[in-house]
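Peer 1: Mind having a look at this structure? Questions to follow.
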Amino acid sequence: MDKIFIMIVSEITLYNVLKAKLGEVEAQTVVEGIKQEVKNEFDANKDILATKNDVSDVRLEIEKLRAEFLVVKWMLGVVLAGIISLVVKTFFA
């Protein structure tokens, strides 16, 4: 809600500055044009923006992968230990 309020205040401020320089109708036209351009830019890029839920989902997936990699790391260690013990037994026993 605060962001919307700030945007409205910014629009009013911009309108008042432009109104003093350009006149009422031109100021309104410029402000509306800027608003429309911002909306168009947002609509064009909203598919690539991440929401808080998207970020949270990615974090959960990363934690799941970390747990799986931990298991893989231990399994690799056990396999390597087995191979090393076989090599030592074969050549040094």
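Peer 1: Please go through the range 35-85 and pick out each residue that is among the β-branched types (Val, Ile, Thr) and part of a helix (DSSP H, G or I).
Peer 2: Scanning the range 35-85 gives Val38, Ile48, Val55, Val58, Ile62, Val71, Val72, Val78, Val79, Ile83, Ile84.
Peer 1: While we're looking at this one, here's another question. Could you check the range 36-93 and list, in sequence order, the residues that are of a type outside the set (A, V, I, L, M), surrounded by 10 or more Cβ atoms within 10 Å (Cβ to Cβ) and under 28 Å from Ile8 (Cβ atoms)?
Peer 2: Matches in the range 36-93: Gln36, Glu37, Lys39, Asn40, Glu41, Phe42, Asp54.
Peer 1: Taking the range 3-25 only, how many residues are modelled with pLDDT under 75, among the hydrophobic types (A, V, I, L, M, F, W, C) and more than 13 Å from Lys35 (Cβ to Cβ)? Can you show your working first?
Peer 2: Taking the range 3-25 first, the residues modelled with pLDDT under 75 are 3-7.
Now narrow it down to the ones that are among the hydrophobic types (A, V, I, L, M, F, W, C): 4-7.
If we keep only those that are more than 13 Å from Lys35 (Cβ to Cβ) as well, we get 5-6.
Total meeting the criteria: 2.
Peer 1: Being aliphatic (A, V, I, L, M), at pLDDT 95 or above and part of a helix (DSSP H, G or I): is that true of Val31 here?
Peer 2: Taking the combined requirement at face value, the residue does not satisfy it.
The values are calculated or read from the model by the stated rules, or taken from the named source; none is laboratory data. Model, not experiment: these values are computed from the prediction. Using ideal geometry, Cβ is built from the backbone for each residue, glycine included, and neighbour counts are taken over all protein chains shown.
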